[in-house]
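Quick notes on the structure that follows.
The values are calculated or read from the model by the stated rules, or taken from the named source; none is laboratory data. Predicted, not measured: the structure shown is a model, and the values here were computed from it. All Cβ positions, glycine included, derive from the backbone under ideal geometry; neighbour counts span all protein chains shown.
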Amino acid sequence: MLSRGSGVRKRVSIRRNVAALSMPVLLSSLFQRLVSIVDIFMVGGLGAAAIAATGLGQLLIFVVMTVFWGLATGATVVIAHLWGAGRRLEARRAAFASLLFSALLAVAATLLGLFFGEDVARFMGASSDVMAFASDYIRLVFLYFAFTAGLNTLSAIMQGTGNTKTPMQAVILVNILHIVIAYPLIYGHYGFPRMGVVGAAYAINLSEMCGFIYLLVQALRKGYLKVGRPDLVLLRKVWNIGYPVALERIAQQSGQLFYSKFIIGYGTAAYAAHQIGLSIESLSFMPGAGMGIAASTLMGQALGARKIRRAHLSHTEALRLAILVMAAMALLFFCLPHQLIALFTSDAEVIEKGSVFLRLVAFAQVPLAISFVYAGSLRGTGDTHYVFLVTLIAMWGIRVLFSYIAAVPLHLSLYAVWGVFLIDWFFRAAAFAWRYQRRDLHSVTI
């Protein structure tokens, strides 16, 4: 039985471990999203159609990344359990098998994007002025997609071992290169031709390629990969945990496509405001998602080592940090919406609509924090099927269905369609918390 002083010291120690692991993940998530934010910011001077086209291209990439996020989560959980149990060789074999499988899937994704990307954009209702920018952007980002997928998989592998600093370094490198490359390529400075949206695509591609190479070199140097014949048994474990996450992300992103289609129906200014608002919200959203990754890793390592109390305490500390960060961001979004939107555009209509969006978003931040951490902890226990089912119900049974009813039969305002996502996230927070409270961690095996 732990004494009161010993229990306090243990909690403080775990809090420090959570911070040490989660802060690099938080910063990595933030910097990763900054790549997309910088793209939107840089093309802002080209007009609303260019902003909408860039956002549309990014959304298609996010949809395709669903499978890779699933694989990455499976790799993180399996590697975390093996690493925590001291089975390092098996962890390295699982890492190599995951990376190889990711490369094969990336080839298929590239072909699908090149052949069908523009058709999907048109299906979503992109107007001719948006498609004039979107066609080349979509083609180029899919052409280099293997580097995006590889960067994501290698980051997940390292996070499973508890090394969150190296992925953070890679994402910082990507951001620095992206900022240096994007401006001259988009606007034609320092001897470069003016390439517009195409320049933005090249900037992302080249910077992520460099980030992937950096992580691959570090993974080989630090011995995270056991190169050889892929271990199909371990890969099956990775996929059994990962495929529900892939289905979850497919449900989420396909739902986002339909949700965005309803918003596009309100005009280019509405979708531009939506895209800028999402980019700003990601300043809170991505750190929250990062806390979810940290919760998943800490849960997996603690359960692998059979330290159940540590698993519960790690979850609690991750939850506190997430709520603190996202509540602070909620205040910022609510108090300074006009100023934040105006950083991206001077279009008065976009600023007006985007400001309302940010104020609505502010009310979703705490349930978002709860959802991210509880879902991350559940994934760390291997309970990915439940997370998928909740996401499916929330996205399609609540967000898509209710926004369709608001937009089509009832012809309600844009703000009513935006407001539906609040119901979505409050439902998820309650459902994930309920499940975790009833989860017996002593019985968890991977």
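Of all residues being out of contact with any Phe, Trp or Tyr (no Cβ under 7 Å at 6 or more places or on another chain) and β-branched (Val, Ile, Thr) in region 105-127, which is surrounded by the fewest Cβ atoms within 10 Å (Cβ to Cβ)? Just the residue, please. By that ranking, first place goes to Val107. For region 128-155, the set of residues classified as over 19 Å from Gly199 (Cβ atoms) and surrounded by fewer than 16 Cβ atoms within 10 Å (Cβ to Cβ) consists of Ser128 only. When each of Arg359, Arg379, Arg428, Arg399 is tested for being closer than 18 Å to Ala251 by Cα, basic (Lys, Arg) and touching a Phe, Trp or Tyr at 6+ places or on another chain (Cβ under 8 Å), the lone residue that passes is Arg399.
Filtered by the rule that a residue be over 20 Å from the mean Cα position of the chain (by Cα) and either surrounded by 23 or more Cβ atoms within 10 Å (Cβ to Cβ) or of a type in the set (A, V, I, L, M) (or both), region 227-270 gives Val227, Leu232, Val233, Leu234, Leu235, Ile263, Ile264, Ala269, Ala270. Of all residues in region 308-359, those satisfying the criterion of being within 24 Å of Gly47 (Cα to Cα) and aliphatic (A, V, I, L, M) are Leu336, Leu340, Ile341, Ala342, Leu343, Ala348, Val350, Ile351, Val356, Leu358. The one condition from (1) touching a Lys or Arg at 6+ places or on another chain (Cβ under 9 Å); (2) without any contact (Cβ under 8 Å) to a residue 24 or more places away in the chain that Arg122 does not meet is (1). The conditions of being closer than 21 Å to Val63 by Cα and among the acidic types (Asp, Glu) are met by Asp136. When the residues of region 182-208 are filtered to those that are over 24 Å from Met131 (Cα atoms) and not small (Gly, Ala, Ser), the one that is surrounded by the most Cβ atoms within 10 Å (Cβ to Cβ) is Glu208.
Specify the residue that is surrounded by the most Cβ atoms within 10 Å (Cβ to Cβ); the eligible residues are those in region 304-357 that are within 19 Å of Phe372 (Cβ to Cβ), among the hydrophobic types (A, V, I, L, M, F, W, C) and in contact (Cβ under 8 Å) with a residue 60 or more places away in the chain. So, considering only residues that are within 19 Å of Phe372 (Cβ to Cβ), among the hydrophobic types (A, V, I, L, M, F, W, C) and in contact (Cβ under 8 Å) with a residue 60 or more places away in the chain, the one surrounded by the most Cβ atoms within 10 Å (Cβ to Cβ) is Ala318. Inspection of region 372-393 identifies no residue that is in contact (Cβ under 8 Å) with a residue 12 or more places away in the chain, touching a Ser or Thr at 6+ places or on another chain (Cβ under 8 Å) and under 14 Å from Phe258 (Cβ atoms). So which residues in region 399-420 are in contact (Cβ under 8 Å) with a residue 24 or more places away in the chain and farther than 15 Å from Ser260 by Cα? Scanning region 399-420 gives no hits.
Starting from residues that are modelled with pLDDT under 75 and within 19 Å of Ile61 (Cα to Cα), keep the ones in region 17-30 and report whichever is nearest to the chain's Cα centre (by Cα). The residue in question is Ser29. When Leu99 is tested against (1) over 23 Å from Arg379 (Cα atoms); (2) crowded, with 23+ Cβ neighbours inside 10 Å; (3) of a type in the set (A, V, I, L, M, F, W, C), just one condition goes unmet, and that condition is (1). Of the helices (runs of 4 or more DSSP H) contained entirely in region 103-222, those carrying at least 1 residues that are over 27 Å from Ala246 (Cα atoms) and among the acidic types (Asp, Glu) fall at 128-143.
Taking the criterion of being closer than 25 Å to Phe41 by Cβ and out of contact with any Ser or Thr (no Cβ under 8 Å at 6 or more places or on another chain), the residues of region 362-371 that qualify are Ala362, Ala364.
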